[in-house]
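Quick notes on the structure that follows.
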């Protein structure tokens with residue numbers, strides 16, 4: 001077989017290919033194109049779905065964007081001492097229930113909406129007593145029984161603000177919320193049971209004791 005019979009033709013040059021494409025475009029007849037069929041865009045109904053947050057029955061007593069930290073204690077190893085771990089950035093809120101009047105502290109991560117802090121503001125003993133952070137006037141620290149993870153857990157939080165004025169406003173509102181809750185939960189401003197409640201309990205104890213003595 002001769003070399004001419006087995007010779008492979010070279011690829012069409014780019015210019016020739018472009019020329020062929022141009023000729024095809026010049027010979028294009030739109031009437032020959034198939035246009036039959038249903039080309040309408042399908043109609044899709046979109047229904048708005050209201051997602052409940054659990055805050056529907058509450059009014060915002062106070063809120064401000066801030067950063068929350070949680071104290072993670074030492075594991076006993078000298079190399080793993082306790083430290084502050086960031087919990088999230090978002091709107092820290094004091095929410096007051098419309099019916100009961102109880103006020104809770106709530107903070108959700110602004111990106112995931114995950115609840116990272118959720119507790120009533122009740123000054124009881126060591127709980128919900130704001131103390132300034134030694135490193136900054138923009139940070140307040142407190143201990144609380146928190147319910148963010150679905151069960152009560154003893155936590156120590158630190159809330160950081162961008163400005164000192166914002167931190168002072170938070171302290172004012174937090175302590176105001178604690179005072180209002182004290183009337184509902186039966187504790188005084190110092191986190192102790194109200195004196196009248198104590199007296200009532202003492203009177204009931206005395207009455208029961210007298211009844212037992214009379215029955216003897």
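So, R0 is 25 Å and r is the distance between the beta-carbons of residue 99 and residue 172; what FRET efficiency does that work out to, to 0.05?
0.50
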Label point distance in nm, residue 65-residue 51, each placed 7 Å from Cα along Cα→Cβ
1.9 nm
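Rule-based calculations on the coordinates, nothing more; no lab input. Everything numeric in this text was worked out from a predicted model, so none of it was measured. Virtual Cβ from ideal backbone geometry, glycine too; neighbours counted across all protein chains shown.
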